[in-house]
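Notes follow once the structure below has been shown.
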Amino acid sequence: MKIRDIAIALPAKRIDNKLIAEWTGGDEEFIKNKIGIESRTFLGEDESQIDLSMQACENLFAKNPELARDKVGLLIVVTQNPAYKLPHSSAILQNKLALSVNTACFDINLGCSGYVYALSVAKAFMIAENIDEAIVVTCDPYSKIMDKSDYETISVFGDAATATWLSSAKGAVIGMLDYGTDGAGAQHLMVKSGGSIFPHKGIWHENQTAVNADDFHVKMNGRAIFNFMMKRVPSSVDACLRKNGLSLSAVDYFFFHQASKYLIDNLREKMNLPEDKVPVEMKDCGNTVSSSIPILIHNFMLRGLLPNKKCLICGFGVGLSWATNIISFGGE
């Protein structure tokens with residue numbers, strides 16, 4: 001199964017570094033120069049993950065009139081911040097997009113590695129069930145779970161959605177996946193409350209004040225995430241290249257999850273990769289979690305830079321988890 005096209009959607013509300021500095025007391029120039037972000041987009045108070053996901057999907061259909069809604073056999077939504085605790089967002093999206101009731105729909109609860117995992121999940125499901133057309137959506141609006149005074153998160157993350165069309169007919173070939181999980185570091189990127197351990201309210205938690213309200217916000221240990229990335233990503237890249245029978249020099253572009261400019265620069269230097277092969281493009285959107293890699297691919301598609309190219313994609317984050325794969329683009 002192959003990648004035919006990608007569409008993206010960004011919220012209208014744009015937040016610049018000056019406002020982030022006002023909220024947090026942080027340094028707006030540091031955010032620009034070190035993290036690599038000048039502004040990011042957030043969903044408005046009355047906008048939801050479904051709204052943005054729908055926009056990305058409608059953009060995909062508008063770009064590709066040959067993609068018939070009634071032919072979509074699989075819809076996967078990658079999100080940790082669904083519209084509702086239940087049902088799954090893909091069910092809501094299926095109805096709003098007027099897809100067939102015979103469409104298989106499910107969510108994948110993964111963050112920054114989620115897109116890379118989802119491509120392999122979709123590929124396997126399509127092959128197993130003889131499905132010709134599928135859509136993988138990413139949308140993880142961290143604005144809904146951040147404390148605006150928390151510099152560690154609010155300066156970094158932005159909201160976005162993407163929709164990827166996968167087809168059995170033609171497109172970029174998805175390679176063999178390398179992956180892993182180290183749950184010992186799960187606490188380093190976590191929303192502590194809202195699950196079954198610390199529920200908002202349950203039969204044994206009738207007093208809502210029993211739960212710390214701040215624990216409903218995402219908390220990140222940036223130093224721990226940096227150390228995790230520097231340890232796990234280079235070995236995953238090496239393993240992925242071996243699985244796909246490729247050398248490091250055979251890769252034209254390394255599309256790493258856009259965690260921050262600082263992280264990617266350090267990773268590139270550690271792996272001794274050419275700067276022109278490791279793009280950093282987050283200045284106008286921030287770290288968009290599971291959407292950052294498909295946004296990169298989309299942007300390079302628009303510039304006509306991907307024909308006959310081999311691209312390594314690598315996501316890493318919540319879990320702590322990582323996943324790496326090769327996408328081979330043809331000459332079309």
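The values are calculated or read from the model by the stated rules, or taken from the named source; none is laboratory data. Just so we're clear, the structure is a prediction, and the values are computed from it rather than from any experiment. Cβ placement follows ideal geometry from the backbone for every residue including glycine, while neighbour counts extend to all protein chains displayed.
Would you please name the residue that is farthest from the chain's Cα centre (by Cα), looking only at residues in region 249-290 that are touching a residue at least 12 places away in the same chain (Cβ under 8 Å) and over 29 Å from Ser155 (Cβ atoms)? This residue is Ala250. Can you tell me how many residues in region 24-50 are touching a strand residue (DSSP E or B) at 6+ places or on another chain (Cβ under 9 Å) and part of a helix (DSSP H, G or I)? The total comes to 4. Of all residues assigned to region 254-261, none qualifies as being surrounded by fewer than 16 Cβ atoms within 10 Å (Cβ to Cβ) and either under 21 Å from Asp140 (Cβ atoms) or of a type outside the set (Ser, Thr, Tyr) (or both). Which of the residues belonging to region 123-145 are in a helix (DSSP H, G or I) and not acidic (Asp, Glu)? Lys123, Ala124, Phe125, Met126, Ile127, Ala128, Tyr142, Ser143, Lys144, listed by residue number. Any chance region 284-292 includes a residue that's surrounded by 19 or more Cβ atoms within 10 Å (Cβ to Cβ), among the hydroxyl-bearing types (Ser, Thr, Tyr) and in contact with a His (Cβ under 8 Å, 6 or more places away or on another chain)? Checked region 284-292: at least one residue is surrounded by 19 or more Cβ atoms within 10 Å (Cβ to Cβ), among the hydroxyl-bearing types (Ser, Thr, Tyr) and in contact with a His (Cβ under 8 Å, 6 or more places away or on another chain).
Can you tell me which of (1) in a loop (DSSP other than H, G, I, E, B); (2) farther than 27 Å from Ser143 by Cα is the one Cys285 doesn't meet? Answer for Cys285: the failing condition is (2).
Counting only residues that are within 16 Å of Met282 (Cα to Cα) and part of a helix (DSSP H, G or I), region 220-265 holds 5 of them. Scan region 76-83 and give yes if some residue there is hydroxyl-bearing (Ser, Thr, Tyr), closer than 19 Å to Gly183 by Cα and in contact (Cβ under 8 Å) with a residue 12 or more places away in the chain, otherwise no. Within region 76-83, one or more residues are hydroxyl-bearing (Ser, Thr, Tyr), closer than 19 Å to Gly183 by Cα and in contact (Cβ under 8 Å) with a residue 12 or more places away in the chain. Being assigned to a helix (DSSP H, G or I) and of a type in the set (A, V, I, L, M) is the filter; apply it to region 210-219 and report the residue that is modelled with the lowest pLDDT. Among them, the one singled out is Ala210.
Please enumerate the residues belonging to region 89-122 that are touching a helix residue (DSSP H, G or I) at 6+ places or on another chain (Cβ under 7 Å), part of a helix (DSSP H, G or I) and either free of Cβ contacts under 8 Å to residues at least 24 places away in the same chain or surrounded by fewer than 21 Cβ atoms within 10 Å (Cβ to Cβ) (or both). Result: Ile92, Lys96.
Listed here are the residues, each with its yes/no results for (1) exposed (fewer than 15 other Cβ atoms within 10 Å of the Cβ); (2) modelled with pLDDT of 95 or more.
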position: Ser39; (1), (2): no, yes
position: Asp46; (1), (2): yes, no
position: Phe61; (1), (2): no, yes
position: Ala68; (1), (2): yes, yes
position: Val72; (1), (2): no, yes
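Please enumerate the residues belonging to region 5-31 that are under 30 Å from Pro307 (Cβ atoms) and either without any contact (Cβ under 8 Å) to a residue 12 or more places away in the chain or not charged (D, E, K, R) (or both). Matches in region 5-31: Ile6, Ala7, Ile8, Ala9, Leu10. When Gly183, Gly114, Gly194 are checked against the criterion of being farther than 18 Å from Ser89 by Cα and either outside the structural domain of Lys261 (by TED's automatic domain parsing) or of a type in the set (Gly, Ala, Ser) (or both), a single residue qualifies: Gly183. Using the structure shown, decide if Gly44 is in contact (Cβ under 8 Å) with a residue 60 or more places away in the chain and among the small types (Gly, Ala, Ser). Judged against the criteria, Gly44 is not a match.
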